[in-house]
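Notes to accompany the following structure.
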Amino acid sequence: MTVEYPRAVEIARRIKVERADVPILVGGAHVNAVGRQALEEGDGFDYACVGEGEHLACELVDVLERGGDASEIPGLVSRRGSDLVDAPPRPPPDDYDALPFPAWDLFRPVDTLPLITHRGCPFKCVFCSHNSGFKPRYRTPANVLDEVEQMLERYRPKRIRVEDETFGLHMGRTKVMLEGIIERGFHRRVSFSAQTRVDRVDEDFMRLLKTANFETLELGVETGNPEVLREIKKGITLEQVEYAVALAKANGLRVWCKFIVGHPNETHATIRDTIDFIAKINPNQLSVSIMTPFPGTPIHEMALRGEGGYRLLSGGWEDFDKYSSGVLELETVSLGQLKRYQIGCYVNLYVRNRRFLELTRLVVANRAVGWEMLRSATGRTAAEAIRHVGLGCDQRVPSAFSHTGDTPARR
């Protein structure tokens with residue numbers, strides 16, 4: 001991921017100090033977005049995988065074992081001396097059922113395992129980089145159910161989290177999987193969670209989720225203002241949000257709603273609409289992030305051009321953490337104000353709905369994260385106050401945006 005990239009660069013660099021002969025391949029969402037820039041900024045990497053990597057990784061190992069030239073492997077960016085070589089793009093696999101199931105035994109045991117049943121998302125949300133592309137590609141329900149069975153037999157997790165960007169995108173197929181979970185008795189052995197869009201739900205879907213022992217349903221809402229929803233091309237309405245939340249609660253599901261503050265042309269008034277709407281729908285769980293211009297997103301391009309009322313701030317890729325982001329603000333709403341609104345979304349939800357005990361438990365359980373959010377908000381507010389009285393400093397655009405690879409100036 002983008003925020004993890006600097007750590008990956010450092011890990012590769014340390015490996016090269018000890019073992020310069022070890023070939024290092026980097027991939028993932030960040031690399032898919034920036035391509036060859038991943039090697040330009042990470043001198044410890046020998047190769048970058050742009051796209052889906054299951055077949056690419058195997059092909060690369062085969063070529064390296066033969067001592068051949070890997071630079072023509074589709075989807076690969078390679079070093080050739082001091083030059084970088086871009087191979088042609090790699091198309092997605094033809095048959096996802098042919099891919100082996102993940103070897104979770106190579107990792108430390110955990111209580112929750114991820115499950116991906118399809119890749120690709122056809123929607124146009126401006127803050128998303130579409131890491132897996134726009135065209136949905138599906139595994140068959142039988143193949144997915146076989147993986148769940150293997151998970152339960154080999155790894156015995158307590159929970160399985162479906163990581164599909166929109167569980168229920170192909171509703172007929174999704175209901176077949178849910179019915180299969182029930183028929184095979186998996187719902188008596190493990191609990192599930194998933195995320196979906198509010199415009200994909202119906203009564204039958206919710207009933208099946210509950211029967212299949214799905215405990216939590218995550219819903220991407222993003223904002224409580226209808227005009228902002230249209231601006232970000234979310235393709236949903238606030239009425240659909242209210243219906244989906246109420247329907248999930250009525251079927252005994254725990255609802256986790258996710259929002260963003262700092263949308264294009266956002267104002268104090270539209271953010272207050274979001275704060276009020278969160279309290280109105282009263283989700284069981286809440287996540288509020290600050291708009292972060294991840295590479296490969298329309299938001300990133302808007303920020304580069306200064307559109308949407310955006311102003312870029314200094315920082316490197318390590319600052320691209322959407323919950324404590326420090327790389328973007330609006331001309332009308334400063335970053336310090338965005339961070340205070342972020343905290344306000346949580347506090348208002350619990351106070352307005354008189355959920356004081358839950359708020360206390362949340363603060364105690366997440367005190368490290370909460371302290372960091374509070375520290376970041378107060379620190380940013382103080383910095384803005386100093387700037388306001390004429391003691392501000394460098395406002396240059398950082399290397400994360402300029403693609404120079406230089407160390408970014410900090411603000």
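Need one number: nm distance between label points at residue 246 and residue 54, each 7 Å from Cα along Cα→Cβ, rounded to one decimal.
Using points 7 Å along Cα→Cβ, the separation is 4.2 nm.
What's the extension gain from residue 22 to residue 359 if we count 0.36 nm per residue and subtract their Cα-Cα distance?
Gain on stretching residue 22 to residue 359: 116.4 nm.
Take 138, 47 and sort them by solvent-accessible surface of the protein heavy atoms, 1.4 Å probe, largest at the top.
Solvent-accessible surface, decreasing: 138, 47.
Which helices of the chain meet both criteria: a Cα extent of 24 Å or more along the helical axis and a mean Kyte-Doolittle score no lower than -1.0, with helices taken as whole DSSP H segments?
335-352, 367-386
Leaving out ligands, DNA and RNA, what percent of the accessible area of the chain is carbon and sulfur, probe 1.4 Å?
C and S fraction of accessible area: 54 percent.
Going by amide H atoms built from the backbone, whose H comes under 5 Å of the H on residue 328, apart from near neighbours?
Under 5 Å from the amide H of residue 328: 313.
Just reorder 211, 174 by solvent-accessible area, largest first, 1.4 Å probe, all chains present.
Sorted by accessible area, descending: 211, 174.
Summing -39500 (n - 2.57) over the DSSP H runs of n ≥ 4 in the chain and dividing by its residue number, what mean residue ellipticity at 222 nm do you reach, to the nearest 500 deg cm²/dmol?
-12500 deg cm²/dmol
Length gain on complete extension for the stretch residue 301 to residue 375, per 0.36 nm per residue less the alpha carbon to alpha carbon distance?
Length gained between residue 301 and residue 375: 23.7 nm.
Working out 0.36 nm times the residue gap between residue 183 and residue 384, then minus their Cα-Cα distance, what length gain in nm do you get to one decimal?
66.5 nm
Which residue, chosen from 24, 75, 12, occupies the Cα position most advanced towards the positive end of the dipole of the stretch 1-76, where the dipole is computed from +1 (Lys, Arg) and -1 (Asp, Glu) charges on Cβ about the Cα centre?
Of 24, 75, 12, it is 12.
Which order do 101, 45 take when ranked by solvent-accessible area (1.4 Å probe, heavy atoms of all protein chains), largest first?
Sorted descending by solvent-accessible area, the residues read 101, 45.
Which lysines, if any, have their Cα less than 22 Å from the Cα of residue 124, not counting same-chain residues under 8 positions apart?
Answer for residue 124, where 22 Å is the Cα cut-off: 135, 233, 234, 258, 322, listed by chain and number.
Relative contact order for the chain using alpha-carbon pairs under 8 Å, separation at least 6, rounded to a whole percent?
Relative contact order here is 12 percent.
I'd like the distance separating the alpha-carbon centroids of the stretch 195-239 and the stretch 1-73, in whole Å.
The two parts, judged by their Cα centres, are 37 Å apart.
I'd like to check one number: the per residue accessible area of the chain, probe 1.4 Å, reported in Å² as a whole number.
Computed with neighbouring chains in place, this is 49 Å² per residue.
The values are calculated or read from the model by the stated rules, or taken from the named source; none is laboratory data. No experiment lies behind these values; they were computed from the predicted model shown. Quick reminder, even Gly has a Cβ in these numbers, built from the backbone with ideal geometry, and neighbours come from all protein chains shown. These area figures cover heavy atoms from the full protein model, side chains too; ligands, DNA and RNA do not enter into them. Shrake-Rupley method; radii C 1.70, N 1.55, O 1.52, S 1.80 Å.
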